[in-house]
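A quick write-up on the structure given underneath.
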Amino acid sequence: MKLYCLSSDAAKPCFVLSFKELMIMLDCGLSAQSVLNFLPLPPVPSTRLAALPAYTPPHLNDPLLEGELKECCGRVFVDSIPEFCPPLDKVVDFSQLDVILISNYTCMMALPFITEDTGFKGQVYATEPTLQIGRFYLEELCTWLSAAGGGGAAARRWKELVHVLPGPLAHAARPRAWRRLYGRAALARALSRVRVVGYDERVPLYGALDATPVSSGFCLGSANWVLRTPHEKIAYVSGSSTLTTHPRPINQSALRGADVLLLAALTQTPAHNPDHMLGDLCVHAAVTLRAAGSVLLPVYPSGVLYDLLECLSTHLEGAGLAHVPLYVVSPVADSSLAYSNILAEWVSAGKQARVLVPEEPFPHAALARAGRLRHARALHDDAFSADFRQPCVVFCGHPSLRFGAAVHLVELWANNPAHAIIFTEPDFPYMDALAPFQPLSMKAFHCPIDTSLNYAQANKLVRELRPRELVLPEQYAAAPATPGAAPRPHVFADVPVTVIKRGAARQLAVKRRAARGMLCGELAARALPREMRGGLRGAPLVAALTLRDARLELSAPGAAVPGGAVGAAGAGGAAGAGGAPAESVAAGAPDVAALLRELAREGLGEARVEAGADGCIVHLPRHDTLVHVERHATHVFCEGRADVRQALRRALAACTPHV
């Protein structure tokens, strides 16, 4: 079993597992950290951004670089359509992938990069909320970038001159591999490949193994995957949470006792408690609104948004600010808010109980009916513009502040210190997100809310699951000891730990020692099992071994299944006509006491017995011969004459159990 890592961002993982002749991709996360190196794409032209001075590296006169770089407050940005960092495409041939298993909608953004124009012919599996909410995320991105003129020429010359550029551009990781976002047609084709599965549904993968999604407790429809064969079990834990939020709780029992536990997508903000951050957010919002300022929250169109609407509306009502309107601006706002209220199967027990009353599991439908919550596809919608009033709270994207409605609102409110922007998404450093808008007068607060496992919770989970081997991205492993440096948080376990980094492949400890096969009825009728020892019976046979669609079958010779790979399978080489055994076959370890008697009867002289690591060693000093008798094998080391070897053979045959 071999594991490949194709992503450098442990929060947006992408692994490929090679097992039983199958290539299984686990998640296909898209790292968006690269977009922070680009200038924002405002929905309407910005004179401030257009007036930023061009940047040229000192002592470099390259006309091809002209117009690609601009400077803002001492930081250099690329003036082009933002690009993303997809999973590595040189380590594994995507056309050879058989299956893609997706954990949650935050880990499927690179799906079109994997499935389109690569020769991919496999199957993609995800839960229904993962597919639908992932569709919202992807369609929102496509809408923003296409509206910004995504078909223009890309700035590329700067990638050849990274070594002479100032930081952080100088430290950009593999910018030549960055790519623009896919188009709507590629997105539609990629999503059409996804097959919807439910929690605890066993999905057979080409007859080689079964994959089962189990609840991870992180977001609506999020799943951990359990891969199982009759003899092996692999658990993939990605984006999980043990906190009590709106999704269904994590299912730990299905993950216990795995041969391999692969852990990914832990919290990106281990020093911040989600409950405390939510409380701080409500306080900052209330203080800003009382001072007649408005609040901007750059968020994704789903996920934490549902919790923010519920908690913030309740807090504002208690603070006497129930009259303040809440706006959600997104190309998929109406779809996301409506869809969340029909997902009773995927939410926590408390919210399921509300459905049975019947009520909506989330309160935003009631807020909309009461006129407190309004949503729009874009800022320039006529109905939204006519209804818009301040002070207010606006939820819109993108959290990177590089595209989407949030860019325009930051430009609009940047010079007013009464307004505030509150960052809740953990994917981007908030100071880097605000860098192109400096100098900034509006207040900025950082309240990251990440409900995924922190390091203490992950360590507790590993102890409870008790895997035989733990596999971690390098970001979660203990850092090499550095004099004077404080140790960073990491995951540890009292089992073997394998650390993997981007572009690497690791051989895992799971070894295939057995496979399950089917015995045809004809051979089963002929077999005459005999007692070998307590609880174990055996019978010799000769059969044709057929491998077809990853299934093994033992059939009578000459009756193999057409189209399969066939080989001879026998026991001891003894069989009669038609596959019936003609004589007994040795099976099991020889009895050492009986072996000593037989050796004496054969006239081989005195034998000495010594205890070994897994059995014993019989030494015949006169003939320079050793017989290692172990539980699963017997090894004979003999440099003597042919008659000595024949005598040894007769002695071993006489004292070995037969069937």
Fill in: Where trypsin sites (Lys or Arg not before Pro) fall in DSSP loop in segment 506-551, at most 13 other Cβ within 10 Å
511, 512, 513, 516
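In debye to the nearest 20, how big a dipole does the chain give about its Cα centre with +1 on each Lys and Arg Cβ and -1 on each Asp and Glu Cβ?
Around 1060 debye, computed over the chain.
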Worksheet item: What angle, in degrees between 0 and 90 and rounded to the nearest 10, separates the Cα long axis of helix 642-655 from the longest principal axis of the Cα atoms of the chain?
Response: 70 degrees
Discussion item. Using only the alpha-carbon atoms, how far is helix 128-147 inclined from the longest principal axis of the chain? Give it as 0 to 90 degrees, nearest 10.
Written reply: 50 degrees
Fill in: Per residue accessible area in Å² of the chain, where ligands, DNA and RNA are left out and the probe is 1.4 Å
45 Å²
Discussion item. Below 14 Å, Cα to Cα, which aspartates and glutamates can residue 460 reach? Residues fewer than 8 away in the same chain don't count.
Written reply: 494
Item to complete: Kindly work out what percent of the DSSP beta bridges joining two residues of the chain are antiparallel, to the nearest 5.
Response: 60 percent
Response to the item:
Treating every alpha carbon of segment 1-153 as one equal point scatterer without solvent, the Debye formula yields log10 I(q)/I(0) values at q = 0.15, 0.20 Å⁻¹ of -0.88, -1.20
Worksheet item: Which whole-number percentage describes the relative contact order of the chain, with Cα contacts under 8 Å and a sequence gap of 6 or more?
Response: 12 percent
Worksheet, complete the sentence: Taking the dipole of segment 1-67 about the Cα centre (Lys, Arg +1; Asp, Glu -1; charges at Cβ), the one of 43, 61, 6 that reaches farthest to the positive side is 6
Worksheet, complete the sentence: Asserting the computed 222 nm helical MRE of the chain (DSSP H runs at least 4 long, -39500 (n - 2.57) per run, divided by residue count, to nearest 500) equals -6500 deg cm²/dmol
Fill in: √(5λ) per eigenvalue of the Cα gyration tensor, segment 207-315, largest first, Å
38, 12, 11
Worksheet item: Counting only residues 5 or more places away or on other chains, whose amide H sits under 5 Å from the amide H of residue 532 once H atoms are built in the peptide plane?
Response: 537, 538
Item to complete: Only loop residues by DSSP count here, and only those with at most 14 other Cβ atoms within 10 Å; note down the GluC sites (Glu not before Pro) in segment 588-649 that meet that.
Response: 606, 639
Response to the item:
Taking a straight Cα-to-Cα line shorter than 20 Å from residue 70, and setting aside same-chain aspartates and glutamates fewer than 8 residues away, one finds 62, 79, 83, 160, 411, 432
Item to complete: Compare the peptides 445-457, 64-76 by average per-residue count of other Cβ atoms within 10 angstrom and give them in order, highest first.
Response: 445-457, 64-76
Worksheet entry | Links that overshoot a 21 Å alpha carbon limit, given the list 2/233; 2/501; 12/90; 90/233; 90/501 | 90/233
Item to complete: Restrict the search to segment 379-459; then list the trypsin sites (Lys or Arg not before Pro) that DSSP places in a loop and that have at most 15 other Cβ atoms within 10 Å of their Cβ.
Response: 389
Fill in: Average projection area in nm² (convex hull over Cα atoms of the chain, one quarter of hull surface)
40.8 nm²
Discussion item. Given contacts defined as C-alpha pairs under 8 Å and at least six residues apart, what's the relative contact order of segment 183-266, whole-number percent?
Written reply: 23 percent
Discussion item. I'd like to know which of 521, 416, 647 lies farthest towards the positive end of the charge dipole of the chain, counting +1 on Cβ of Lys and Arg and -1 on Cβ of Asp and Glu.
Written reply: 647
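The values are calculated or read from the model by the stated rules, or taken from the named source; none is laboratory data. Because the structure is predicted, anything quoted here is derived from the model rather than measured. Reconstructed Cβ throughout: ideal geometry from the backbone, glycine too, with neighbour counts over all protein chains shown. For the accessible areas, the whole protein counts, side chains as well, though only heavy atoms, and no ligand, DNA or RNA atoms are used. Shrake-Rupley method; radii C 1.70, N 1.55, O 1.52, S 1.80 Å.
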